[in-house]
Amino acid sequence: MNQRLSSKTIFLLTLPPLLWAGNAIVGRLVHDQLPPVLLNFLRWGIAFFLLLPLAGPVFRRQAGLWTHWKTYAMLGLLGIGMYNALQYMALQSSTPINVTLVASGMPVWMMLTGWLFFGVPVNRRQVAGAVLSIAGVLLVLARGEWRHVLELRLVAGDLFMILATIAWSVYSWMLTRVTEPADIRANWASFLLAQVAFGVLWSGGFAVGEQALGAIPVQWSWTLAVALLYVSTCPAVIAFGCWGAGVRATGPSVGAFFVNLTPLFAAMLSSAFLGEAPHGYHAAAFALIVGGIVVSARRD
């Protein structure tokens, strides 16, 4: 595998975090116009129809998808039905900067999930890195006041984002255990569509439950229509396609560092579109989180 970072590969790995940061901004912008779980359902419903022309044969009767449907149903639940819905729920009460920074602690949850459920050993360097990353997340949750850690009061959005990162961690480890049938492995669109098909079913069921619990009414507008078009194309279809190509070129260990550009992009976009300027503790938290990742990834 080629480990060199060409300008093309840097572009492929930098664009997804920018689009994912935009997803957080858009989710915050429309949080009072559309219930979060319904937003997730509509997002992936549109993405499903966008992917269908690119990977429709994955649904043929003889396709490998039906042999491995349980695996793809679980991937669809964790990566599409849960992660994205929880992220949009987090944005109801938390800012995009906070949400993306809390998500930057994901390497910690990756390590714990791999150790607890997939038998992956953990070394001392990884533990040291985890401590730094956790410190960064705590700094965000304490809103920059360490003295508040012991009396920490999490807003609902912070808790939802922590649950989202755990769901994504299990999803990611499951991806390493999936042996896709040849017809699904043929291209990124097939693999994504196989997950989206089940994810739409899960998110549709969750959206029905949300409505039954008394969700806010949808306030349709051209702004909302544009937002739906964005979240279903850019951070979903385009970002996944670029990310897959970039990771295939460099490997997941290199690609993982680019994910942590997301909170930086979120901070810039929040300042530009939401008037939510980043604070000093956001920069300090980001430094701790990235420092933890660098320490845990270093080799002797």
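Out of the residues in the stretch 4-27 that are under 15 Å from Gly244 (Cα atoms) and β-branched (Val, Ile, Thr), state the one that is surrounded by the most Cβ atoms within 10 Å (Cβ to Cβ).
Out of the qualifying residues, it is Thr9.
Checking Asp32 against (1) farther than 13 Å from Ala266 by Cα; (2) touching a helix residue (DSSP H, G or I) at 6+ places or on another chain (Cβ under 8 Å); (3) not aliphatic (A, V, I, L, M), which test does it fail?
The single condition Asp32 does not satisfy is (2).
Please list, ordered by first then second residue, the pairs with beta carbon atoms under 9 Å, 6 or more apart or interchain, first in the stretch 227-244 and free of Cβ contacts under 8 Å to residues at least 60 places away in the same chain, second of a type in the set (Phe, Trp, Tyr).
The qualifying pairs are Gly241/Trp188; Gly244/Trp188; Gly244/Phe191.
Just name the residue that is surrounded by the most Cβ atoms within 10 Å (Cβ to Cβ) out of those in the stretch 59-78 that are modelled with pLDDT under 90 and either in contact with a helix residue (DSSP H, G or I) (Cβ under 7 Å, 6 or more places away or on another chain) or within 12 Å of Ala197 (Cβ to Cβ) (or both).
Ranking the candidates gives Leu65 first.
Looking only at the stretch 153-203, count every residue that is of a type in the set (Val, Ile, Thr), at pLDDT below 85 and assigned to a helix (DSSP H, G or I) and tell me the total.
Number satisfying all stated conditions: 2.
If the requirement is being of a type outside the set (Lys, Arg) and modelled with pLDDT of 80 or more, which of these qualifies: Leu139, Leu91, Leu101? Please lay out each step first, then the result.
On the way: Leu139 fails: modelled with pLDDT of 80 or more; Leu101 fails: modelled with pLDDT of 80 or more.
The match here is Leu91.
Just give me the residues in the stretch 245-289 being at pLDDT 75 or above, under 24 Å from Thr9 (Cα atoms) and polar (S, T, N, Q), in sequence order.
Hit for the stretch 245-289 is Thr262, nothing else.
Can you find a residue in the stretch 116-124 that is aliphatic (A, V, I, L, M), assigned to a helix (DSSP H, G or I), modelled with pLDDT of 80 or more and over 20 Å from Ala277 (Cα atoms)?
Keep residues of the stretch 116-124 that are aliphatic (A, V, I, L, M), which gives 116, 120, 122.
From the residues that got through so far, the ones that are assigned to a helix (DSSP H, G or I) too are 116.
Now narrow it down to the ones that are modelled with pLDDT of 80 or more: 116.
Still in the list and also over 20 Å from Ala277 (Cα atoms): 116.
Scanning the stretch 116-124, I find at least one residue that is aliphatic (A, V, I, L, M), assigned to a helix (DSSP H, G or I), modelled with pLDDT of 80 or more and over 20 Å from Ala277 (Cα atoms), so the answer is yes.
The values are calculated or read from the model by the stated rules, or taken from the named source; none is laboratory data. Note that the coordinates shown come from a computational prediction; the quantities given were computed from them, not determined experimentally. Because the Cβ atoms are built from the backbone with ideal geometry, glycine has one as well, and the counts that use them run over all protein chains shown.
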